[in-house]
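Here the structure is laid out as structure tokens; the discussion comes afterwards.
Since every read-out is calculated from the coordinates, none of them should be taken as a lab result. Nothing here was measured: the structure is a model prediction, and the numbers come from that model. When we count neighbours, we look across all protein chains shown, and the Cβ atoms used for this are built from the backbone with ideal geometry, even at glycine.
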Amino acid sequence: MERITSIQLTLALVFLVLQLSVSAGIDPHPSIRTDAAALVMFKKMIQNDTNRVLSSSWLPSKNNNPCTWYGVTCSLGRVTQLDLSNCNLVGAISFDPLASLDMLSVLKLSSNLLTLNSTSLLQLPFGLKQLELSLAGL
Ligand SMILES: *[C@@H]1O[C@H](CO)[C@@H](O)[C@H](O)[C@H]1NC(C)=O
Ligand SMILES: *[C@@H]1O[C@H](CO)[C@@H](O)[C@H](O)[C@H]1NC(C)=O
């Protein structure tokens, strides 16, 4: 009986430590790392990348500097522009993943086959100055 209790205690401790390390892994401070994570989440919503724009360039495992990824422009080490116009991207996208790109000022997604979650437009970063979304295929 006592042994079971100590095993349970150990398990509880392991879970606690795991939970602590998981929550420590979430970086609440915006940085180029959170920018990269946001772009990767955005990429996951693209169902068909016919021109292999993202699949050949947005590869965090090979190159974790999103400033060098196709269509991404940085300033002072943060993502400030995203231009994926005319990329033949197909997908149903929501803007929620981009909410953490707090330095984003330009977003261009025109001439793709994207279906938008219009509610999520409210999630776009506050500093956004230019938005181009003339989407085909709606
Ligand atoms: C992606 O698009 C290409 C060209 O339109 C098409 O041939 C292919 O079947 C599509 N793939 C998927 C998985 O939808
Ligand atoms: C659309 O966006 C809203 C707000 O960002 C979100 O709560 C909702 O789950 C999204 N809907 C779909 C179908 O993804």
Report Rg (one decimal) and Dmax (nearest whole number) for the range 31-132, counting Cα atoms only, units Å. 12.4, 34
Can you give the FRET efficiency for residue 120 and residue 62, using 1/(1 + (r/R0)^6), R0 = 35 Å, r = Cβ-Cβ distance, to the nearest 0.05? 0.75
As a test, work out the antiparallel percent of DSSP beta bridges whose residues both lie in the range 31-132, rounded to the nearest 5. 40 percent
